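Worksheet: the structure to be examined is printed underneath.
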Amino acid sequence: AGPRRAQAGRPSTMEVQPGVYNFQWAGGTFEVEFRKGGIFWCRKFANDAKWEQAESTVRIDWGKYGKYELTVQPDGSLSGGVIGKPDDWRKASFARAFTPAEELLSGSAWMLHYEHGSPFRVEFHADGHFHCADYPGHHLWKLDGNKVAIEWGKYGQYDLEIDTDTRQAAGSLRGNPASWRKLEYLEPLPAFIFKANGCGHSH
């Protein structure tokens, strides 16, 4: 899979397929994400960023990390560089498509239901942090297939399975199925969410 050809009659233009790409420059290679809705995301260099495509040209506005212009190549890869500095090159190659669970969960808000109280809002940030205003702290989430593991510090560890069709998830406290938890999808969140204290971690 990779960038797909545009509508019939325009075979020379390839559409950039949303997904994970290997982004290369003189200093090395790392993963970036071309998300739907023109959202450009990179966990390693997190910033509010956007991408857009016009014909065979893809422009990326990465905020403090610069602006780039890349051209879609015949093999579907992208090649170009910093706008105004063509010698400062960049390349991007398609690595894989997003799974439905990734698209739904990464950067989203949900209502968490549990056995002994009223539901409350939780958030799965694209940088891997699990956020809850009612129970704050440095907490993490990790997705494996359709199963999400939540590391909630003193509040426990949870394993839930996502149903992308119903936009719900069900599971429990790890090792204690009777202590059930359910998630109900609320809304998408920006990929980049500014954190005043700064995490300082690379997950």
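The values are calculated or read from the model by the stated rules, or taken from the named source; none is laboratory data. Since the structure is predicted, the reported quantities are computational estimates derived from the model, not experimental observations. Please note: Cβ atoms are built from the backbone with ideal geometry, for glycine as well, and neighbour counts cover all protein chains shown.
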Members of region 30-73 found to be among the β-branched types (Val, Ile, Thr) and exposed (fewer than 15 other Cβ atoms within 10 Å of the Cβ), listed by number: Thr57, Thr71
Regarding Leu140, is this residue over 21 Å from the mean Cα position of the chain (by Cα) and surrounded by 15 or more Cβ atoms within 10 Å (Cβ to Cβ)? no
Among (1) within 23 Å of Glu15 (Cα to Cα); (2) assigned by TED's automatic domain parsing to the domain that holds Val16, there is one condition Leu104 misses while meeting the rest; what is its number? (2)
So, in region 157-174, of the ones that are surrounded by fewer than 19 Cβ atoms within 10 Å (Cβ to Cβ) and in contact (Cβ under 8 Å) with a residue 40 or more places away in the chain, which residue ends up nearest to Met111 (Cα to Cα)? Arg167
Which condition number in (1) buried (at least 17 other Cβ atoms within 10 Å of the Cβ); (2) closer than 30 Å to Glu161 by Cβ; (3) of a type in the set (A, V, I, L, M, F, W, C) is the one that Phe120 fails? (1)
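Tell me yes or no: at least one residue of region 38-58 is assigned to a helix (DSSP H, G or I) and out of contact with any strand residue (DSSP E or B) (no Cβ under 7 Å at 6 or more places or on another chain). If you could, list the steps in order and put the result at the bottom.
First, the residues of region 38-58 that are assigned to a helix (DSSP H, G or I): 38.
Now restrict to residues that are out of contact with any strand residue (DSSP E or B) (no Cβ under 7 Å at 6 or more places or on another chain): none.
No, every residue in region 38-58 fails to be assigned to a helix (DSSP H, G or I) and out of contact with any strand residue (DSSP E or B) (no Cβ under 7 Å at 6 or more places or on another chain).
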Here the qualifying pairs (Cβ atoms under 9 Å; residues six or more apart or on different chains; first in region 55-68 and assigned by TED's automatic domain parsing to the domain that holds Val32 and acidic (Asp, Glu); second loosely packed, with under 14 Cβ neighbours inside 10 Å and not in a strand (DSSP E or B)) come out as Glu55/Arg10; Glu55/Ser12
Being crowded, with 16+ Cβ neighbours inside 10 Å and either touching a residue at least 40 places away in the same chain (Cβ under 8 Å) or under 30 Å from Asp61 (Cβ atoms) (or both) narrows it down to one residue among Gly145, Gly128; which is it? Gly128
Of the conditions (1) surrounded by 15 or more Cβ atoms within 10 Å (Cβ to Cβ); (2) farther than 18 Å from Pro18 by Cβ; (3) out of contact with any helix residue (DSSP H, G or I) (no Cβ under 9 Å at 6 or more places or on another chain), the single one that Leu104 does not satisfy is (2)
Would you point out which residue out of Ser172, Ser118 is over 23 Å from the mean Cα position of the chain (by Cα), hydroxyl-bearing (Ser, Thr, Tyr) and not in a loop (DSSP other than H, G, I, E, B)? Ser172
